[in-house]
Structures are given as C-alpha cells and as structure tokens.
Amino acid sequence: MRPVIQVSAIRKTYGSTVAVDEVSFEVNDGEIFGLIGPNGAGKTTTMECIEGLRTPDRGAISVLGLDPFNDVYKLQERIGVQLQQAQLQKRIKVWEAVDLWASLYQKNSIDGERLLEQLGLIEKRNAWFMTLSGGQKQRLFIALALINNPEVVFLDELTTGLDPQARRAIWDLVRGIRERGKTVFLTTHLMEEAERLCDRVAIIEHGRIIDIDKPQNLVNRHCPERTVILATDDRRAGDSFRTIPRVEAVSRSDSQFTIRGRGDDLVTEVIHCLSENRIRVTDFRTILPNLEDVFLKLTGHSIRD
Ligand SMILES: Nc1ncnc2c1ncn2[C@@H]1O[C@H](COP(=O)(O)OP(=O)(O)O)[C@@H](O)[C@H]1O
Ligand SMILES: [Mg+2]
C-alpha cells in the first residue's frame, strides 16, 4: 500500500523561529491521521506545507504522488481544506457559499444539496453565515472542504471552541468521511479528540515529532501503569491484594484501597482475587492512562501548560 502523504525531513523557519524541524511521517490511504500537540507546536505550519499553501525551507513532500508546490493546481482539485482561521462574509447564505466553492473547481463537484443534508444543514440553506452557531459554521466548513469530492481532507483544529455536544457531532461527521473511503489529516491540541477519532497520531512539540503510533499503542508503550480503586470492609483484603502478580503498591484509606500495578492484566487479576477470596466490594473504579499522560511522560509537562 502506497502512502497518500509522504513527508520527509521538512524544516520551516520564520526569522529565528524554527516552526518545523526535521519532520517526517507518512499517512496511509483511508486512515484518520492526527498531528497533535500544544499551541505553537508547528501543526498548522506542517499542514499548510502539505497543502501547498506554505513552502518548507527544505525536505520533501508528496501528496497523492504530487508535489504540493509544483503541482499545486492539480493537487487542489483532489484535496479538501478547512483552515484554522476560516471566515466567510457575514451575509453570504449557506447555499451561496456552497455554490461559490463548487464553482472554484474544474471537475464536477458533488451535489451541494445532498451534502448540506448529510451535514445537517439543509434547514439552514437560506441562513446568513453570521447567524449560524459555532457548530453549524464548522459543519459548513466541512461541507466546503468536501464539495469537490476530494481524496484527502485536511481539518485544522476543527472543534476548537465548540461545546462537547457539537464536538461529538463533528467527530461523527469525520468518521463518516473516512467511511466514504477518504483519507483525513487533522490537527488538534485536544487529546481526547485524538484518542477517539484518530487511527494513528504523531505527537509534535517545538516543531519536532516525538512519536507516531496508534493512540492505544502509545499509551501501552509509554504508560503501562494501571490503577484500581475499590471499597471494601473486609479487613484481610489488603494482604490478598499484595499477592496479586504485578501489583506494585497497595494503599488504604478507611475502607478504600488503591491498587497500582502494570499491564493490561492488572484489572482482571484484581477481579479474580476478589472472587477467589470472596471479598465483597461496595465501589470499584479503574484509572487508565490516556494520551494526556503519554504527552506528560514524553515531554515532562502537561499539554495545557
Ligand atoms: N506566518 C508566520 N510568521 C511568523 N511566525 C509564525 C508564522 N506562522 C507560525 N509562526 C510561528 O511558528 C510556530 C508554529 O506555529 P503553528 O504552526 O501555527 O503552530 P500550531 O498550529 O501547532 O499552533 C509558532 O511559534 C508560531 O508563532
Ligand atoms: Mg494551528
């Protein structure tokens, strides 16, 4: 399988700021690939180099076998782009924006009305852009990015500023884009978004890629710690928990026990121990690491700092 996007050792500086430094990765056909990292990490710069909107100082990029710089017009016909800072005229109507975008492409665009229907915007077709909610605006930008029936779709911080409900609706739409066989390249500084949406992610910080993998693989590789918190009045429980394989620490506060260990089997082992020793529990929770923890482990600081 040939990768849809190939980025080899690109570098981009603005004066003395090194925005992107020796960045390399590949995006496969049909996957949702996320470039994730804090604000200022170099996500937008990297994405816009791939789209042909900025030129790297050095390194090579290939998208659908094309050079984004030399083949920019050919490429534009085959990709869909949603920009981080996108805005439209206040009084452009939804259907007018779709019509205008469709007219920018040489090849026949797809049915705009159907697209609006699919994105839940058909009732808003006559509404002015300025009257749309944040979530509706973002859905319109997705519609515009899809109007030329592109093979690769670029989405830059698509759900920033949206409430959790609107965010979930957008995630479903992005999954729908993948289901239609397209490749999605997105950026986000939201680790939960990356975890729920992306097949693979590249973590970027200070312009450098730190690691690339499936979200779950990153968690398993970098953060194997698992924690079970449970409540029981059984006085002998603590001794039983200490005999569980791969348990590293057991602490107790009143009737609440915190059991720490490593590996995916820990939770099963704890449940097994409870059942073997007929320990009655009144509460049971697990704390599993996520991509935020991976970021913290790899960089020494939280992504929100
Ligand atoms: N057009 C520009 N001129 C000067 N500096 C820029 C420009 N675009 C981005 N930068 C700088 O490059 C770095 C990376 O920015 P950006 O790619 O926008 O990061 P992200 O999208 O991850 O927030 C930042 O330090 C930013 O200030
Ligand atoms: Mg950005």
Quick count over the range 243-280, residues being farther than 30 Å from residue 38 by Cβ and open to solvent by 50 Å² or more (accessible area, probe 1.4 Å), is 19
Here, helices (runs of 4 or more DSSP H) confined to the range 1-112 with at least 2 residues that are more than 14 Å from ligand 2 (Cβ to nearest atom) and surrounded by 14 or more Cβ atoms within 10 Å (Cβ to Cβ) are 72-78, 94-103
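Working carefully through the options 168, 114, 139, find the one that is without any contact (Cβ under 8 Å) to a residue 24 or more places away in the chain and within 19 Å of the chain's Cα centre (by Cα).
None of the other options fit; the residue is 168.
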The one condition in (1) outside any helix (DSSP H, G or I); (2) crowded, with 21+ Cβ neighbours inside 10 Å that residue 193 fails to fulfil: (1)
So if I check each of 212, 229, 204, which one is part of a strand (DSSP E or B), more than 16 Å from ligand 2 (Cβ to nearest atom), modelled with pLDDT of 95 or more and closer than 30 Å to residue 51 by Cβ? 212
Taking the conditions exactly as written (at pLDDT below 95 and either at negative phi or surrounded by fewer than 17 Cβ atoms within 10 Å (Cβ to Cβ) (or both)), does residue 299 satisfy them or not? yes
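Could you go through the range 139-148 and let me know if any residue there is surrounded by 17 or more Cβ atoms within 10 Å (Cβ to Cβ) and among the β-branched types (Val, Ile, Thr).
yes
Per-residue answers, yes or no, for (1) in the same structural domain as residue 255 (by TED's automatic domain parsing); (2) within 38 Å of the chain's Cα centre (by Cα); (3) open to solvent by 30 Å² or more (accessible area, probe 1.4 Å):
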{"position": "204", "(1), (2), (3)": "no, yes, no"}
{"position": "208", "(1), (2), (3)": "no, yes, yes"}
{"position": "231", "(1), (2), (3)": "yes, yes, no"}
{"position": "234", "(1), (2), (3)": "yes, no, yes"}
Consider residue 269 carefully, then state whether it is more than 28 Å from the chain's Cα centre (by Cα), among the acidic types (Asp, Glu) and part of a strand (DSSP E or B). no
Condition test on residue 71, is it closer than 13 Å to residue 204 by Cβ and either within 16 Å of ligand 1 (Cβ to nearest atom) or not aliphatic (A, V, I, L, M) (or both)? no
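What about residue 159, is it buried (at least 23 other Cβ atoms within 10 Å of the Cβ), free of Cβ contacts under 8 Å to residues at least 60 places away in the same chain and not basic (Lys, Arg)?
yes
The values are calculated or read from the model by the stated rules, or taken from the named source; none is laboratory data. What you are looking at is a predicted structure, and each value in this text was computed from that prediction instead of being measured. A quick note on method: Cβ atoms are made from the backbone with ideal geometry, for glycine too, and the neighbour counts reach across all protein chains shown. Accessible surface is based on the protein model in full, side chains and every heavy atom, while ligands, DNA and RNA are left aside. Shrake-Rupley method; radii C 1.70, N 1.55, O 1.52, S 1.80 Å.
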